[in-house]
Amino acid sequence: MAEFVATRHALFAFIYGFTRNPHDAEDLFQEVWLRFSRALAEGTEIQEQAKWCRATARNLLLHYWRDRRHDAVPVDPELLELVDQAFAEQSASQESWRLRQEALSRCVEELPDRARELLRLKYDESLSAGQVADRLRQSTAAVLMSLSRVRKALRDCAQRKLKAEGLAP
């Protein structure tokens, strides 16, 4: 259910892209939601909810275009499949990005207090390197060098974590 909620905008965009009518797209989106809810209520185990919903939407879109042959050019099922693959690749990319962000967050938590403070001043407070240097009573060059070292440490840490979890080469 949570995956459906998280990907609802992408699913609506997928449907709308083929209907080009917000009312029809909303009707089809609601039908996907009803079928999805019904399947879950019946105990159907759905491993990849976004993929399941796009497949349901594809079938509904084929019926939609079959019923409207006289209104417009019907959609080619192969085109639907190609667009579905593009959405699946985008979802995988977003998942990869989310996993990288989680690894990076864990790495930030593992940093020494001084390094976390440096990052907080630079990125949370959006201070310039000179302003950070003033706050920490260091030279600007020292702050820039420290930031460079912390960013490298974070990159290496995140890569190690992702590799340990089998998510990076």
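The values are calculated or read from the model by the stated rules, or taken from the named source; none is laboratory data. In this text the structure is predicted, and so the values were computed from the model without any measurement. Reconstructed Cβ throughout: ideal geometry from the backbone, glycine too, with neighbour counts over all protein chains shown.
Table for the structure above
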item: Evaluation of R38 against (1) at pLDDT 90 or above; (2) charged (D, E, K, R); (3) on the phi > 0 side of the Ramachandran plot (one fails), failing number; result: (3)
item: Residues that are surrounded by 13 or more Cβ atoms within 10 Å (Cβ to Cβ) and farther than 23 Å from L144 by Cβ, drawn from the range 98-130; result: L99, R100, E102, A103
item: Residue tally, condition of a type outside the set (K, R), under 23 Å from the mean Cα position of the chain (by Cα), part of a helix (DSSP H, G or I) and surrounded by 12 or more Cβ atoms within 10 Å (Cβ to Cβ), over the range 140-169; result: 5
item: Count of the range 17-33 residues which are more than 12 Å from T56 (Cα to Cα), at pLDDT 85 or above, within 24 Å of the chain's Cα centre (by Cα) and buried (at least 16 other Cβ atoms within 10 Å of the Cβ); result: 1
item: Candidates W65, W33 - the one that is assigned to a helix (DSSP H, G or I), within 14 Å of V5 (Cα to Cα) and of a type in the set (F, W, Y); result: W33
